[in-house]
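Take a look at the structure set out below.
The values are calculated or read from the model by the stated rules, or taken from the named source; none is laboratory data. Computed from a predicted structure; not experimentally measured. Because the Cβ atoms are built from the backbone with ideal geometry, glycine has one as well, and the counts that use them run over all protein chains shown. We work out accessible area using only protein heavy atoms, side chains counted, and drop any ligands, DNA or RNA first. Shrake-Rupley method; radii C 1.70, N 1.55, O 1.52, S 1.80 Å.
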Amino acid sequence: MIKRPRVLSVSGVSGGGKTTTIKHLIHRLDHAQALYFDDYEFENCPDICDWVEEGADYNAWVLSPLSTDIQLLLKDQSLNYIVLDYPFAYLNDAIRDFIDLAFYIDTPLDIAMARRILRNEQKHAMDELQIDLQNYLARGRAAYLEMKKTVKVNSDVIIQGDLPTDLIVDRMIEELQKSAV
């Protein structure tokens with residue numbers, strides 16, 4: 001019998017702690033590899049704010065490069081886990097069937113925004129930060145709320161995002177052990 005790695009999806013809002021959590025998680029899991037959504041360039045990628053205003057069709061995102069990489073990693077019998085830093089849980093048809101367990105890190109929006117500001121602080125001048133915040137207030141917040149409204153309820157496990165990273169990872173590992181039985 002051919003062993004197939006388990007595919008885990010980790011979703012949440014921007015600044016919600018996905019990437020940090022995944023980096024800690026793959027060090028705690030045996031034979032795990034991560035794929036990061038933000039590392040890909042997708043063709044015809046919609047503007048997130050326009051996409052939300054037009055009804056948030058998750059299949060409008062053509063995720064072929066990510067799908068191809070998942071399929072390649074699924075053939076790697078040395079892997080036990082493929083961990084996706086991926087915003088949509090089960091909502092995109094091209095990725096849905098690969099996922100064995102979808103986690104959602106439910107981070108309060110103020111904490112997520114503070115993390116984004118701190119993360120981008122060295123890259124942006126104050127005037128650029130002000131523009132980012134104005135965009136968030138005018139249109140961007142709707143994208144965050146869309147995630148909480150749809151992706152959160154389409155995930156298997158919801159984890160409180162204001163917990164320390166180690167506790168989030170502990171909870172994920174507990175859920176993996178429960179679902180392996």
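Here are Ala142, Ala112: which of them is modelled with pLDDT of 80 or more, aliphatic (A, V, I, L, M) and in contact with a Cys (Cβ under 8 Å, 6 or more places away or on another chain)? Explain how you work it out, then say what you get.
Working: Ala112 fails: in contact with a Cys (Cβ under 8 Å, 6 or more places away or on another chain).
Only one candidate qualifies: Ala142.
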*asked:* So, in segment 135-144, exactly how many residues are in contact (Cβ under 8 Å) with a residue 12 or more places away in the chain and either in contact with a strand residue (DSSP E or B) (Cβ under 6 Å, 6 or more places away or on another chain) or more than 14 Å from Asp47 (Cβ to Cβ) (or both)?
replied: 3
*Looking at (1) open to solvent by less than 20 Å² (accessible area, probe 1.4 Å); (2) assigned to a loop (DSSP other than H, G, I, E, B); (3) more than 15 Å from Lys148 (Cα to Cα), can you tell me which one Ile2 breaks?*
(1)
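Run down Ala60, Ala56 and say which single residue is over 24 Å from Gln177 (Cβ atoms) and touching a Pro at 6+ places or on another chain (Cβ under 6 Å).
On inspection, the qualifying residue turns out to be Ala60.
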*Considering (1) of a type in the set (A, V, I, L, M); (2) within 25 Å of Lys148 (Cβ to Cβ); (3) surrounded by 16 or more Cβ atoms within 10 Å (Cβ to Cβ), say which one Ala60 fails and leave the rest.*
(3)
*Residue list for segment 74-103, restricted to those being open to solvent by 20 Å² or more (accessible area, probe 1.4 Å) and assigned to a helix (DSSP H, G or I)*: Leu74, Asp93, Ala94, Arg96
_Search result, residues across segment 77-108 that are of a type in the set (Gly, Ala, Ser) and either farther than 16 Å from Ile168 by Cβ or over 12 Å from the mean Cα position of the chain (by Cα) (or both)_ = Ser78, Ala89, Ala94
*How many residues does segment 42-73 contain that are under 24 Å from Gly17 (Cβ atoms) and part of a loop (DSSP other than H, G, I, E, B)?*
5
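Being touching a residue at least 40 places away in the same chain (Cβ under 8 Å) and either under 17 Å from the mean Cα position of the chain (by Cα) or open to solvent by 90 Å² or more (accessible area, probe 1.4 Å) (or both) is the filter here; which residues of segment 110-134 pass it? Give the steps one after another, and end with the answer.
As a first pass, look at segment 110-134 and keep what is touching a residue at least 40 places away in the same chain (Cβ under 8 Å): 111-116, 119.
Within segment 110-134, Ile111, Ala112, Met113, Arg115, Arg116, Arg119 meet the criteria.
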*Considering only segment 6-63, how many residues are among the small types (Gly, Ala, Ser), under 21 Å from Tyr136 (Cβ atoms) and within 14 Å of the chain's Cα centre (by Cα)?*
6
